[in-house]
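I have placed the structure first, in the form of structure tokens, so that the comments after it can refer back to it.
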Amino acid sequence: MLTSEETKALVSNRVRRSRETWAETKGIIESGYWYAAANRMYYACYYMVTALLIKNGLNSHTHGGAIGLFGLHFIKTEIVPSELGKFYSQLFELRQTGDYDDWKVVTEADVMTLAPTVEIFLDTLEELIRKDGFLD
């Protein structure tokens, strides 16, 4: 069990890592590396999801578990809009197929369809994390 200070430090690190990964992703997109962009977009969102889960005393050791906990505690309860839950699932699927399916081609259209929602997703979750002054 983490102390309150350890929890805040871990959550803060995940939020920072999420934002850094998103900044990195923008450069990857500009360079036209679509597989890498899909992977990094997903991880930017994943780090923010795990930060939100940790803040709320929830933890998963798998990506599927994080998706499930996020859906159960934040999408089904309507704390986070269902469209963002669908977006996160689509992003996960794109990352999975791009990383592991040799027959799937990740295109500019695949990435650019989802990229505009990353910022909305990150901002929405970070606002929930910072709620009640949790992080400075």
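Rule-based calculations on the coordinates, nothing more; no lab input. Here the structure is a predicted model, which means the values were calculated and not measured. Neighbour counts are summed over all protein chains in view; Cβ atoms, including those assigned to glycine, are modelled from backbone coordinates with ideal geometry.
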* Asked: Where does each of Ser82, Ser18, Ser4 land when they are ranked from fewest to most other beta-carbon atoms within 10 angstrom?
  -> Ser4, Ser82, Ser18
* **Lysine pair count for region 4-133 [Cα-Cα under 24 Å; pairs on different chains or 8 or more apart]** => 11
* So how tilted is helix 82-100 from the main axis of the chain? Cα-based, degrees 0 to 90, rounded to 10. -> 50 degrees
* To do: Rounded to the nearest Å, what's the spacing between the alpha carbon centres of region 81-133 and region 21-79? Just the number, please.
  => 7 Å
* **Acute angle (nearest 10 degrees) that the helix 108-130 long axis makes with the longest principal axis of the chain, alpha-carbon atoms** => 10 degrees
* Asked: Helix-derived [θ] at 222 nm for the chain: sum -39500 (n - 2.57) over DSSP H runs of at least 4, divide by residue count, nearest 500?
  -> -25500 deg cm²/dmol
